[in-house]
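FYI, it's all coordinate maths here, none of it is from the lab. No experiment lies behind these values; they were computed from the predicted model shown. Cβ atoms come from the backbone with ideal geometry, glycine included; neighbour counts cover every protein chain shown.
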Amino acid sequence: MAKGKPPVKVGNEVVLEIENYASEGEGVARINGFTVFVPGTLVGEKVAAAIDVVKKTYARAHLLDEGVRFASPERIEPPCPLYLDCGGCQLLHQSYEGQLAMKQQCQ
């Protein structure tokens, strides 16, 4: 990305393709080379998200309702009924096998 203004503003709604994972398990997407972190997403997904925070080199976004437009085969229904409200488990929306593969990749 060329130096200058970020390509998004707080409140923008964007469609993103998740390319990778950040250290806390958030999905990572890019808009014209600008990094956007989206919790609750998986590599390979296409999602609709709203931008919450914009910094000089990255942004943070949240999934919109019905935001997963194309789901990863690793996406599952979280087994805990408190998952969306609690925030204690970042990866319960991913299959156990997918979680293991992601964690091994990060080593």
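Some observations on this one:
- Among Thr57, Thr41, the ranking by other beta carbons within 10 Å of each residue's beta carbon, starting with the fewest, stands as Thr57, Thr41.
- Around the amide H of Arg69, modelled in the peptide plane, lie the amide H atoms of Lys46, Val47, Ala48, all under 5 Å away and 5 or more residues distant in sequence or on another chain.
- The count of lysine pairs in the chain whose Cα atoms are under 24 Å apart, excluding pairs fewer than 8 places apart on the same chain, comes to 9.
- Computed over the range 13-105: relative contact order in percent, which uses C-alpha pairs under 8 Å that are six or more apart: 22
- Low-density loop positions, GluC sites (Glu not before Pro), the range 9-67 - DSSP coil, at most 14 other Cβ in 10 Å: Glu19, Glu24
- Rounded FRET efficiency, nearest 0.05, which uses the C-beta distance separating Lys55 from Ala101 and R0 of 35 Å: 0.75
- Converting phi to 3J(HN,Hα) with the Karplus coefficients 6.51, -1.76 and 1.60 and the offset θ = phi - 60°, the range 9-14 yields 10, 4, x, 4, 9, 9 Hz in sequence order, with x at every glycine or proline.
- About its Cα centre, the chain has a charge dipole of approximately 680 debye under the convention of +1 per Lys or Arg Cβ and -1 per Asp or Glu Cβ, with nothing else charged.
- Once Rg and Dmax of the Cα atoms in Å is calculated for the structure shown, the corresponding label among (i) 24.7, 74; (ii) 13.9, 44; (iii) 19.5, 64 turns out to be (ii).
- GNM top mover of Gly87, Gly67, Gly27 - the chain, alpha-carbon springs below 10 Å: Gly87
- Dimensionless Rg ratio for the range 52-107, taking C-alpha atoms and the 2.2 N^0.38 Å reference: 1.34
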